[in-house]
1. Before we move on, is Tyr273 aromatic (Phe, Trp, Tyr), in a loop (DSSP other than H, G, I, E, B) and more than 30 Å from Ser209 (Cα to Cα)?
2. Assuming Leu474 fulfils every condition listed in (1) more than 26 Å from the chain's Cα centre (by Cα); (2) of a type outside the set (Ser, Thr, Tyr); (3) outside any strand (DSSP E or B) apart from one, which condition is it?
3. If you go through the range 459-511 one residue at a time, how many are acidic (Asp, Glu), crowded, with 23+ Cβ neighbours inside 10 Å and touching an Asp or Glu at 6+ places or on another chain (Cβ under 9 Å)?
4. Under 6 Å by Cβ, and 6 or more places apart or on different chains, what pairs join a residue from the range 609-632 that is basic (Lys, Arg) with one that is in a strand (DSSP E or B)?
5. With respect to Thr329, determine if the residue is more than 30 Å from Ser626 (Cβ to Cβ), touching a helix residue (DSSP H, G or I) at 6+ places or on another chain (Cβ under 9 Å), surrounded by 20 or more Cβ atoms within 10 Å (Cβ to Cβ) and touching a residue at least 60 places away in the same chain (Cβ under 8 Å).
6. For the range 355-375, what are the residues that are in contact (Cβ under 8 Å) with a residue 60 or more places away in the chain, surrounded by fewer than 19 Cβ atoms within 10 Å (Cβ to Cβ) and closer than 22 Å to Ile316 by Cβ?
7. Starting from the range 301-314, keep only residues that are over 27 Å from Gly331 (Cβ atoms) and free of Cβ contacts under 8 Å to residues at least 60 places away in the same chain, then list their pairs with residues that are small (Gly, Ala, Ser) and outside any loop (DSSP other than H, G, I, E, B) whose Cβ atoms are within a distance under 8 Å, requiring at least 6 positions of separation or different chains.
8. I'm told Ser456 meets every condition in (1) part of a loop (DSSP other than H, G, I, E, B); (2) out of contact with any Asp or Glu (no Cβ under 6 Å at 6 or more places or on another chain) except one. Can you identify the failing condition by its number?
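The values are calculated or read from the model by the stated rules, or taken from the named source; none is laboratory data. Because the structure is predicted, anything quoted here is derived from the model rather than measured. Using ideal geometry, Cβ is built from the backbone for each residue, glycine included, and neighbour counts are taken over all protein chains shown.
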Amino acid sequence: MPNSFRPSRFTVGAALCCLSLPALCADPVATLPTVTVTGEAATPLQPSVYQEQLRLDRVPGGTNLITPQTEIGTSTLRDVTDFQPGIIVQEFFGGIDQPRINIRGSGIQSNPVNRGVLLLQDGLPINEADGSFVIGLLEPRNASLISVRRGANALSAGATTLGGEMDFQSLIGTQGDVVSVEGGSFGRLGLHAAKGFTGDQLDGRFSISHDKSDGYRHHSDGERTNLSANFGVRGDNFENRTYLSYTDLKFDIPTVIPRDRAYSDPKSVMGDYSGDAPNVYNSDPNRKTRQLRLANRTYVGNENLNQTFGVYWQSIDDTFTDPSSSTATTGNTWGAQWQLAGKLQSLDYRVALDWARSDMDRELTPQNPVTGNRMPRIADFHLQAENRSALLGLEYHLTPQLSLVGDLKYTQAIRDASNRDNGMGRDQKWSYASPKAGIVWKPADTMRWYANISRSNEAPTYWELLSGAAVNELDLQRATTYEIGGDGRLFADTLYPVNWAISLYHSNVDDELMEVADPTDPSGSKSIVYNYSDRTVHQGIEAGLNGSLPSPGAGKFDYRLAYTYSDFRFRGGEFDGNRIAGVPRHVLSAEILYRLGGWQIGPNVHWMPSDTYSDHMNTQGMEQKSYALLGFKVAYQHSKNWTAWVQADNLTDKTYVSSYRIGRQNKPAQPRFLPGNGRSISAGLKYQF
């Protein structure tokens with residue numbers, strides 16, 4: 001294909017890029033400027049931003065270190081992942097719901113996106129044992145930092161997917177003692193309060209938040225309430241932390257509409273026009289999820305030899321209703337982790353075990369998509385998912401500047417399902433190894449280069465395995481990935497250094513899990529899931545830049561830019577040579593803020609410069625059109641206590657499509673597209689104790 005690039009060109013280009021920069025570079029840094037959260041001293045279980053960055057510098061691949069408390073708005077995942085290379089967040093319904101998150105294309109085929117990335121809270125998984133998650137349950141305002149290890153750079157024994165892992169580290173003690181309120185367009189209201197205490201050996205923190213929104217589109221209101229607490233005990237070479245949280249999330253779903261209507265009447269839903277089927281107002285698609293979670297971690301030892309133990313339990317009560325069916329899931333997940341880590345002269349080592357099990361009941365009840373009338377239940381499943389993982393990790397320091405890194409993960413994944421209504425079911429089990437070998441080279445204090453080759457494996461979740469009353473037989477999605485890149489600081493000895501990061505990767509994927517819209521379903525909500533019959537390729541570039549520039553006056557211009565290029569294609573099979581639908585080829589976000597005293601003011605842009613295919617046939621006329629969204633922020637910190645901000649998004653009121661249902665071949669009359677939000681303004685006031 002004319003626009004494709006082969007692995008050899010990709011690798012050569014990466015090597016040339018690596019050779020062109022050393023004379024200009026200097027210190028490995030995060031994608032965002034390092035900002036230390038004030039409060040308690042760092043502990044083994046709650047590292048500081050600086051300590052976490054040092055840990056990420058030893059990873060021979062692409063990572064992100066995000067500091068949510070430095071952002072102007074932090075209530076949604078989109079707020080805190082903006083301007084981060086390699087992380088693409090696409091809004092689904094425009095309110096308090098479940099955005100589509102994509103890292104290297106893993107899980108992007110699922111709808112809604114509920115797999116492909118291991119989400120962690122303080123180092124312990126919040127995914128169910130089958131790998132699924134409800135991303136709207138996350139509360140970024142309680143995070144001191146978010147550590148992202150993209151792809152097979154994931155450090156956890158149980159993280160083996162192509163997308164990697166995201167670890168949300170909690171604020172502790174008196175970190176983030178705050179009361180805040182925010183509101184804005186589309187009935188947006190957000191309330192948050194947190195207070196903690198700290199002593200010589202004890203600390204604790206409690207927080208509460210409530211968010212609601214009427215939504216931009218019809219039938220898109222939602223609300224979320226979160227209660228969180230954590231308590232810590234510290235001693236010489238010892239730390240124990242307990243975490244407790246409860247989240248109640250519910251939102252209406254406006255669902256998809258035909259492409260022409262998405263651009264001509266973006267607020268509309270199916271049911272606003274005569275003859276619409278389904279009728280959203282009658283079928284009332286929505287999601288209601290409650291999660292209760294209790295976790296505990298213990299650290300014993302020192303830098304030379306230590307052990308970490310972790311246990312967690314969480315319950316889920318989740319009802320997901322689309323226009324044609326209602327899926328109700330209740331269950332419990334248990335998990336345990338153990339890690340032994342230490343040093344032997346020039347060798348650092350890790351040995352880890354990870355176990356997780358979910359027992360869930362799931363009922364599937366169809367309903368008439370036009371009238372909303374419920375039909376007799378078609379399935380009552382008992383589901384049992386279990387994962388057993390082991391890891392051996394080695395890091396050998398050849399010299400102070402050069403290290404060899406190797407990981408070997410071995411996993412057994414079990415997915416058992418039985419239908420109580422008819423006695424039918426299917427038990428599936430996979431065993432697989434996920435090795436990685438890499439190199440980290442630091443020719444200077446302000447420069448780091450890396451390369452790695454890795455193997456990833458992903459077992460299907462029950463959202464893929466269950467199809468009505470039947471259980472699909474699916475295989476693992478496997479990939480071999482080659483990656484090269486680096487990060488550092490240009491002009492480090494000047495007043496205006498430039499922080500940079502770049503990763504280039506190429507993944508050969510076998511048996512990719514594909515979920516496409518069912519062409520026989522007029523509601524646009526049903527899907528077909530299968531392993532693709534031939535190879536697919538995911539390859540791309542993830543690059544970030546940030547720093548400060550001088551201004552004519554006394555202030556400075558702070559800037560940051562993130563660019564993600566995704567070239568995903570079919571190699572053989574039904575769609576040979578076509579692009580894989582679902583991921584935009586180019587995504588660029590940029591911001592520049594003028595900073596003077598307590599003021600920050602400036603514009604930002606989110607730009608998708610090329611059209612994106614919505615189906616695997618690459619049907620002309622059914623693309624998601626390119627768009628650019630302009631925004632503007634004003635923030636003022638009156639003192640160390642008071643901060644106020646105003647933010648405007650989509651200033652030009654651009655009509656655009658934020659996401660869509662992926663299909664084999666989409667047609668104009670089919671409801672497949674999700675319009676993005678129109679112009680909005682929000683404002684907030686925060687008091688920090």
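1. yes
2. (1)
3. 2
4. Filtered contacts from the range 609-632: no entries.
5. no
6. Arg357, the sole residue that qualifies.
7. Filtered contacts from the range 301-314: Asn304/Gly342; Leu305/Ala341; Leu305/Gly342; Gln307/Gly301; Gln307/Ala341.
8. Every condition holds for Ser456 apart from (1).
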